[in-house]
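Asker: Dumping the structure here so I can ask a few things about it.
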Amino acid sequence: MAIREKVFDVIISCFKRHGAEVIDTPVFELKETLTGKYGEDSKLIYDLKDQGGELLSLRYDLTVPFARYLAMNKLTNIKRYHIAKVYRRDNPAMTRGRYREFYQCDFDIAGQFDPMIPDAECLKIMCEILSSLQIGDFLVKVNDRRILDGMFAICGVPDSKFRTICSSVDKLDKVSWEEVKNEMVGEKGLTPEVADHIGDYVQQHGGVSLVEQLLQDPKLSQNKQALEGLEDLKLLFEYLTLFGIADKISFDLSLARGLDYYTGVIYEAVLLQTPVRPGEEPLGVGSVAAGGRYDGLVGMFDPKGRKVPCVGLSIGVERIFSIVEQRLEALEEKVRTTETQVLVASAQKRLLEERLKLVSELWDAGIKAELLYKKNPKLLNQLQYCEEAGIPLVAIIGGCPKRRPCGRNQKENKPGPLHLLS
């Protein structure tokens with residue numbers, strides 16, 4: 001938790017630096033709120049037992065509850081962050097930071113704005129946070145759902161199969177193209193020719209030059225959706241250059257993001273390397289942040305279907321915790337789990353009252369202080385406790401030395417000088 005608090009501090013300070021306010025939503029939602037928003041991942045939603053009344057499910061992410069919150073409160077403009085636990089019926093993999101209960105840290109901008117300005121800020125925030133956490137080199141892959149849909153259309157994919165083929169393409173960062181192609185043909189019913197045509201596109205990645213190249217593509221540039229997406233990406237790269245982060249961004253046509261609600265730009269940050277001991281295998285943590293534009297989600301919850309354009313990002317903190325913990329283990333760094341500044345100790349017996357008075361004074365002055373809960377603790381034990389807990393200072397109360405008169409009544413054994421040692 002000490003490591004988590006430090007990570008959260010970095011993330012929250014960045015969100016606040018960009019002007020976000022904080023909200024919270026219930027841990028469960030109406031089942032109908034979550035149904036049909038996550039594509040093939042809907043099977044991972046935890047449903048609560050039917051006990052009569054409304055059917056409820058544990059939240060799968062923070063984005064759908066946010067959209068429901070906007071619609072219910074008739075909000076059309078907000079910049080918010082939300083840090084909370086979400087729940088997925090997944091197979092846990094501790095080493096990869098994959099759990100069934102885990103934190104998400106979301107930042108979203110809702111409202112009608114000029115194209116790509118909020119989207120560029122979201123990518124800037126993502127880069128700021130990952131750089132501040134010092135977890136290694138990273139790359140942010142960017143694509144656009146409109147480009148994907150346009151590409152599927154010109155390749156001959158039926159409209160009804162767009163989303164399911166999207167889910168297959170999204171696996172390209174984990175498995176080979178051959179495996180993805182076999183799934184498309186064998187399980188999802190595409191012809192090998194259509195799959196090969198998709199493969200020609202989705203294996204390309206680059207920068208703004210690839211965007212310009214695809215704008216000249218005779219087939220793709222004729223598709224209205226794809227053309228809009230490519231023109232927006234070109235504008236996005238202009239803003240990213242002004243923000244000084246274009247070198248961290250890669251236009252990757254294989255990025256699909258399996259969630260159904262994305263409508264425009266999508267992005268995902270992956271670590272290029274993980275700091276580990278020499279000779280060890282790198283920690284396979286996959287993506288550490290992701291997000292995108294979802295302009296239609298709020299309208300699904302509004303009785304009149306009013307749309308509120310939104311764009312946002314989510315930081316995968318559990319995966320980041322795994323990396324930070326492993327890095328600290330490799331460096332053999334001890335993590336302080338308390339913030340105590342000073343231990344109030346005594347060098348002699350019968351000084352409990354004085355220790356209690358002094359520690360109370362320190363607390364009242366706003367100083368983080370402790371004392372051992374023994375009447376007559378040994379000085380060595382007190383100093384050892386300081387060392388183990390990483391407490392930097394010890395205030396030692398001592399009685400008057402026996403052989404050096406100090407002008408005080410030694411029979412009373414009143415405390416003498418206070419020593420502060422570091």
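Asker: Does at least one position in region 131-145 carry a residue that is under 19 Å from Val298 (Cβ atoms), at pLDDT below 95 and assigned by the TED database to the domain that holds Leu230?
Answerer: Yes, the conditions are met somewhere in region 131-145.
Asker: Please list, ordered by first then second residue, the pairs with beta carbon atoms under 9 Å, 6 or more apart or interchain, first in region 1-28 and over 18 Å from Cys127 (Cβ atoms) and assigned to a helix (DSSP H, G or I), second open to solvent by 90 Å² or more (accessible area, probe 1.4 Å) and not charged (D, E, K, R).
Answerer: Ala2/Thr337
Asker: A further question follows. Output the number of residues of region 52-70 satisfying the condition of being open to solvent by 10 Å² or more (accessible area, probe 1.4 Å) and under 16 Å from Glu29 (Cβ atoms).
Answerer: Summing the residues that are open to solvent by 10 Å² or more (accessible area, probe 1.4 Å) and under 16 Å from Glu29 (Cβ atoms) in region 52-70 gives 9.
Asker: In region 51-165, which helices (runs of 4 or more DSSP H) lie fully inside it and hold 2 or more residues that are free of Cβ contacts under 8 Å to residues at least 12 places away in the same chain?
Answerer: none
Asker: Continuing with this model, one more query. Inspect all residues belonging to region 199-213 and state whether any of them is under 21 Å from Pro115 (Cα atoms) and open to solvent by less than 20 Å² (accessible area, probe 1.4 Å).
Answerer: Yes, region 199-213 contains at least one residue that is under 21 Å from Pro115 (Cα atoms) and open to solvent by less than 20 Å² (accessible area, probe 1.4 Å).
Asker: Please enumerate the residues belonging to region 338-354 that are in contact (Cβ under 8 Å) with a residue 60 or more places away in the chain and among the basic types (Lys, Arg).
Answerer: Listed by number, the list holds a single entry, Arg350.
Asker: Could you tell me whether Val175 is touching a Leu at 6+ places or on another chain (Cβ under 8 Å) and either in a helix (DSSP H, G or I) or open to solvent by less than 60 Å² (accessible area, probe 1.4 Å) (or both)?
Answerer: no
Asker: If you don't mind, there's one more thing I want to ask. One residue is enough: does region 246-255 have a residue meeting the conditions among the basic types (Lys, Arg), under 25 Å from the mean Cα position of the chain (by Cα) and modelled with pLDDT of 90 or more?
Answerer: Yes: region 246-255 contains one or more residues that are among the basic types (Lys, Arg), under 25 Å from the mean Cα position of the chain (by Cα) and modelled with pLDDT of 90 or more.
Asker: Now, a different point. Could you check, for region 258-273, whether at least one of its residues is on the phi > 0 side of the Ramachandran plot and modelled with pLDDT of 90 or more?
Answerer: No, the conditions are met nowhere in region 258-273.
The values are calculated or read from the model by the stated rules, or taken from the named source; none is laboratory data. Keep in mind that what you see is a predicted model, and the values were worked out from it rather than measured. Every residue, glycine as well, gets a Cβ built from its backbone with ideal geometry; the counts of neighbours run over all protein chains shown. Accessible surface is based on the protein model in full, side chains and every heavy atom, while ligands, DNA and RNA are left aside. Shrake-Rupley method; radii C 1.70, N 1.55, O 1.52, S 1.80 Å.
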